[in-house]
Structure formats: structure tokens, C-alpha cells
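Below is one structure, written out as C-alpha cells; the observations come after it.
The values are calculated or read from the model by the stated rules, or taken from the named source; none is laboratory data. Being a predicted model, the structure only gives us computed values, none of them experimental. Cβ placement follows ideal geometry from the backbone for every residue including glycine, while neighbour counts extend to all protein chains displayed.
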Amino acid sequence: MDLSMTDFSFFGSYMSLSYKKDISDETGYLCLKSLHGISKSRMESLKIVPVYKGLPETDWTVTTSYVSISLQSEHGSIEITFSEPDRFLLKGKGRDYGILIDTSPIYNFEYSYLLGTEDMPFCIVNSYKNLSRYLIYTPEGELRLDQQIQIDTSGSCKASDNHSAITVKSGSDGVFLAVIEDIPTHSLLPDRTMPDFQSVLSENNEKFSAFVNAFPSPLAPYKEMLAPAAYVLWSATVNAQGNLCFPAVYASTNMFPGVWSWDHCFMAAALNKGHHELAFQQMAVIFSHQDQFGQIPGSVSDSTIRWNFCKPPVHGYILSRMIQDNNFTDSELHQIYEWISRQTDYYLKYKDSDGDGICEYWHGNDSGQDNSTVFAGQVPVESPDLTAYLIKNMELLQDLAKRLGNFKAECLWKEKAEKLTEEFLDVFIEDGIPTAREAFTKKPIHSRSLMPFLSLILGKRLPEDIRSKMLAILKKDFLTEWGLATEAPKSPLYQEDSYWRGAVWAPVTMLFYEALKDCGEHSLARKIAEQFCTMVSKYGFFENFSAKTGRGLRDKPFSWTAAVFLYLSGRLSEKK
């Protein structure tokens, strides 16, 4: 595993480690990041480097497995693993060998506390820059705190050039064991009764192997990517805390410490077959914050809830697939019915501001495809995909009502779905295909975006001539060697790396895979699934990919990319 590409973390942890280089002198170091949502703008907490005779080592190598990091130089070695989600251990060997932990203070009151006694000292790092705190101590070896603090007599929050670093070095036996623990409040006392390091490693290997082996086994071309993909989800999962009522798979450990309210659907879909409880929790972690109107927040982390955007209501469509794949209890089905009925009612009542029966995206971010060219002109926008999602919500509600023996609700949702389908065909079809329009003027938006074509999820509800024309345009204008581009490559607004104006994205690929199957286009569905899995196998789990070269773009690694790989590679291994 490449630590510069994929952060090292542990299931449930709010800490991750990555390998970085100092810009000034290219010196390598391990960077401890805080994954608490409030840290999003400044995640780096500590810098960790090996030291020999008190001086930083410049010539050392780092190797990483799924459960440990190993640092090696001519003077000694260090092995790192988690003993608990909120605690990791650093076991070092070598005379006069150790580690330097630079706390990188920014503010004038941001410094560490040396506590305990002279023979059993410990430190608490008050990392105010990301509102995190760490307990650091040494069950074996020696600990020292070096600080230079300039007290600001004005008591301001100004930045300063304070220095604060903790040095840990081996004892007389040439061994040290350091503990770094993420603590929830201001203080905590050390627990110096440490488990055996090798036993911890063995137990962690067993836990991760069990997590991986629960996923469907992919075909041979993609088998080597099963463990790396599973690790992305494993390492991005944080425990229930604060606003998170359940364990949650974060969007990424790199730039997006939080759960976005359509990302979580794809994590849930990937986890459903092997980790059903965790999959259901991914839906619950967002819907537990559904408000009195039925809206769900745009994103949630342990410390932050954002209501500015809604994200698209893909939930019914994804949940319908999950229910087909696995046995849900009556209690779960009742809960899903409550979530999706309230969400659907919210859209119908509050997102149709002009009362014409067609719901609106008020901002590009509401669609999930933030800067799609559909939003290049006036907003709000009435886009075919939003109405299609709501129809699929209604189909799911009809099915759930039938399963739960509620005949009246079954008929109600069936009638609503049929009526909204008629309205869809009446207002959106322009030149034989679904076309977005401006909400105020009702003028068609002649975009070359892929987004309106997501209404293909309606499957056989679309007349055959409309489906045929949509499929022909998909193949001719959007299908590339690497999958479906989100803006037609020949469009004047296409850009290779401009987010939703051309890149290939995981969630869109999965939605079209299922939509194409619904339309009976199994060969094309399999083709885009194979294209995606091949691209990911070659370039990794990036946030998105170039439609022209397949190379990864933006954040890495990204959870929904790994999730969609697991989902599609599992489907490809099934009998045709």
C-alpha cells in the first residue's frame, strides 16, 4: 500500500496517517490527521519523524500493510499499528533511536502540557488548529517536551511562531513504545498496561481479513483490487460520535471527513451483501437527522450538520436494489418506508415552488453534479433526473406498502407514480429526449450534460422510441474508452478536469449500470462496468477520472469510488 496515496487508519478511528514531504527541504515525515468533521479546513495535527541521537533521520524508508506501518533506517526500526480505534502504538528498536513528534502549533495559546512525574511523564497536545487533543506517553522508553512559547499579553487569537515538539527515545535496552491517543475532551490519564504488540498485529489482521472476505469475490482481472477497495471503506469508517448516531463511512480521509447525503447510498449498496448491518447504518446515519418537513441534511459529520443543499433523492432507487439483494427485516422495511415517504412528500411540497407539479433543483449542489452545464444559465432548474428519482421513490413505496400489507398506501403510491410519469413525458421531452428546462421561463436547456439522461432509470416507463434515442446518443456522444463522460467530449463546454463537466464518476456509472439493465441493455451495462473496474484497477480510487485518458483526478482515495468498484466487480462475477 502506498502511504502517499492511501491514508493508514483503522475501522472506527478518527485518526489517519499519511506520508508527506516538507516543501522547504523535501524531508519526509508521517502526518497524523484529525478526521473530526470540524477539522476539514486544517486536518494535519502532528508530524512524526524518526530521530537518531536526537537528530531527525533523513534516510529512512516506509512500507505499509493494511494493519501496520514500518519505518526502517540503518540506526533502527519502528513499527506502528492501532490497538484501539482511538489509540495507536509506535514500537521502536535501536540504540539512541526514537521519534520526534512536532505538534506544529499555529496559535499563540496552542501548546502541549508536560504532566505526570519526572519518572513517568506524559503529554497532552492541545491541537487547537483542528480542535483536537492527543494524549502521548511511553510505557517503554523516555519522553521529553521541548517548547518555546511566546505568551501574548493581549490574550488574542493571533498566530505565532511557537515551537512545540515531543521527543521519544529508546531506553537502556534499545527499545521504546510510544502511545498516541485521540482523547474526547481536555484530559485523560495514560493506561500503561499495554497488550503484546505482535498479538495486536495478529488480531488486526484477522479483523481486516474478515471484513474483506465478506464481500463477493470478483473475477480474476479485478481480484487483486478487492482488498485495496475494501481497505478504503474500512479505513474511512469512524465510530458513532457527536452527530453520528451510527458508524459512518466518510467520503474520504484526505479532504472530505464527513458523510454526504448521496455518497452514503453507494457505500450502503456496496456493503449490503457482506455487511448488511453496516450498510443499513449508512442510510440511517443521514436519515436520523431527517427534519420535521422530511428534508435530510446535505452532509453530516461528528461535529457538523450542513443544511444548505439537499443532494439528489437517489435513496429509493438504491434501496430498491439493496432490498433485491438481501433480506431486510419487517422493522427495517417499516423504517425505510417512513424515511422515503417523508422525503418524497418533502420534495413534492417544498421543492415545487411554482406549483406546476415538477420539482426543482435550486442549486447545482442539490443535484450532486455541482457544476454541470445544466446549471450554466439560470437557476432554479427543472431537470428530468430529479423527477425520475421521485418516481422511483414512489415505486419503492408502492412495493413496501404491498410487502407490509398496506393496500391503501400501495394504491396511493401507484397512482402518484403513474401521474408523475405522465407529467414527466408531457413537460420534459424535447426533440425526442428528456431535456432540462429553466424553472421560471420553462425554456429548454440545450446542454450537452449527461445529467438529464439519468432519467433512463425509469426503464420501461419510458416509451421505446425515447429509450432508443437516448441509448443511441449515449453511445455516440458520451461513451468513451473509460466509460460515460459527464459532458459530451465534443461539447464546447467539455473540460478534462472540471469536476462534472466531463470527468467519469463512480456514482453516475453505477446508476447507469442499473438503468441499462432495467432497459434490457445488459451488454452495454456490462461494458461500462468492465470499463470502470479496469480503469480503477489501473489508476486507483480517485474521486473522478479523465474521460480521455482514464487517469485519476482530484481527491484520493475516495470511498464511493471504492464502493462502486466493489459493487460492480461483484455483479460482474455473477452468472450472466
query: Given the residues Trp560, Trp500, which is the only one that is assigned by TED's automatic domain parsing to the domain that holds Leu462, outside any loop (DSSP other than H, G, I, E, B) and under 27 Å from Glu395 (Cβ atoms)?
result: Trp560
message: within 25 Å of the chain's Cα centre (by Cα) and farther than 21 Å from Leu493 by Cα: is that true of Tyr350 in this structure?
response: no
message: Looking at Ser73, Ser77, Ser104 in this structure, which one is surrounded by fewer than 22 Cβ atoms within 10 Å (Cβ to Cβ), of a type in the set (S, T, N, Q) and within 17 Å of Ile136 (Cβ to Cβ)?
response: Ser104
task: Identify all residues within segment 203-245 that are outside the structural domain of Lys556 (by TED's automatic domain parsing) and of a type in the set (Val, Ile, Thr); write none if there are none.
output: Val212
- prompt: Can Lys442 be described as outside any helix (DSSP H, G or I) and surrounded by fewer than 18 Cβ atoms within 10 Å (Cβ to Cβ)?
  reply: yes
- prompt: Looking at segment 75-115, which of the residues that are among the acidic types (Asp, Glu), modelled with pLDDT of 95 or more and more than 26 Å from the chain's Cα centre (by Cα) is nearest to Val49 (Cα to Cα)?
  reply: Asp102
field: Elements of type strands (runs of 3 or more DSSP E) contained in segment 34-111, each with 2 or more residues being touching a residue at least 60 places away in the same chain (Cβ under 8 Å)
entry: 44-52, 76-84, 87-93, 97-102
- prompt: If we scan segment 138-147, do we find a residue that is surrounded by fewer than 20 Cβ atoms within 10 Å (Cβ to Cβ), hydrophobic (A, V, I, L, M, F, W, C) and assigned by TED's automatic domain parsing to the domain that holds Leu35?
  reply: no
Test for Val238: is it of a type in the set (Val, Ile, Thr), in contact with an Asp or Glu (Cβ under 9 Å, 6 or more places away or on another chain) and closer than 27 Å to Ser68 by Cα: yes
- prompt: Asp182 passes all but one of (1) surrounded by fewer than 16 Cβ atoms within 10 Å (Cβ to Cβ); (2) farther than 15 Å from Ile99 by Cβ; (3) out of contact with any helix residue (DSSP H, G or I) (no Cβ under 8 Å at 6 or more places or on another chain); which number fails?
  reply: (1)
message: Need pairs with beta-carbon distance below 9 Å; first residue outside the structural domain of Ser498 (by TED's automatic domain parsing) and within segment 373-392, second aromatic (Phe, Trp, Tyr); sequence gap 6+ or separate chains.
response: none
message: Going by what's in this entry, would Pro121 be described as in contact with a Ser or Thr (Cβ under 6 Å, 6 or more places away or on another chain) and in the same structural domain as Val67 (by TED's automatic domain parsing)?
response: no
- prompt: Got a number for residues in segment 463-511 being under 24 Å from the mean Cα position of the chain (by Cα) and acidic (Asp, Glu)?
  reply: 3
In segment 57-82, the residues that are of a type in the set (A, V, I, L, M, F, W, C) and either touching a helix residue (DSSP H, G or I) at 6+ places or on another chain (Cβ under 9 Å) or on the phi > 0 side of the Ramachandran plot (or both): Val67, Phe82
- line: Output for Cβ contacts, cut-off 9 Å, separation at least six or different chains, first residue within 11 Å of Leu524 (Cβ to Cβ) in segment 465-488, second modelled with pLDDT of 95 or more and assigned to a strand (DSSP E or B), reads Leu474/Leu484; Leu484/Val504; Leu484/Trp505
- prompt: Residues of segment 274-294 being out of contact with any Phe, Trp or Tyr (no Cβ under 7 Å at 6 or more places or on another chain), in a loop (DSSP other than H, G, I, E, B) and closer than 18 Å to Val564 by Cβ, which ones?
  reply: His275
query: So, of the residues in segment 288-321 that are surrounded by fewer than 21 Cβ atoms within 10 Å (Cβ to Cβ) and of a type in the set (A, V, I, L, M, F, W, C), which turns out to be modelled with the lowest pLDDT?
result: Phe309
message: Against the condition among the basic types (Lys, Arg) and over 19 Å from Ala178 (Cα atoms), how does Arg42 come out, does it pass?
response: yes
query: Of the residues Lys349, Lys311, which single one is among the basic types (Lys, Arg) and either part of a helix (DSSP H, G or I) or more than 28 Å from Val381 (Cα to Cα) (or both)?
result: Lys349
message: Among the residues of segment 237-261, what is the count of those that are in a loop (DSSP other than H, G, I, E, B) and either more than 24 Å from Pro313 (Cβ to Cβ) or touching a His at 6+ places or on another chain (Cβ under 8 Å) (or both)?
response: 8
- request: Please identify the pairs in which a residue from segment 128-141 that is without any contact (Cβ under 8 Å) to a residue 24 or more places away in the chain has its Cβ atom under 9 Å from the Cβ atom of a residue that is in a strand (DSSP E or B) and hydroxyl-bearing (Ser, Thr, Tyr), counting only partners at least 6 apart or on another chain.
  value: Tyr128/Tyr107
task: Sort out which residues of segment 529-557 are in a helix (DSSP H, G or I), in contact with a strand residue (DSSP E or B) (Cβ under 7 Å, 6 or more places away or on another chain) and buried (at least 23 other Cβ atoms within 10 Å of the Cβ), and write them in order of number.
output: Phe532, Met535
query: Do we have any residue at all in segment 220-242 that's surrounded by fewer than 24 Cβ atoms within 10 Å (Cβ to Cβ), modelled with pLDDT under 95 and either polar (S, T, N, Q) or farther than 25 Å from Arg306 by Cα (or both)?
result: yes
message: So the check is Cβ under 9 Å with 6+ separation or different chains; which pairs have a first residue in segment 151-165 that's under 16 Å from Ser104 (Cα atoms) and of a type in the set (Ser, Thr, Tyr) and a second one that's part of a loop (DSSP other than H, G, I, E, B) and modelled with pLDDT under 80?
response: Ser160/Gln150; Ser160/Asp152
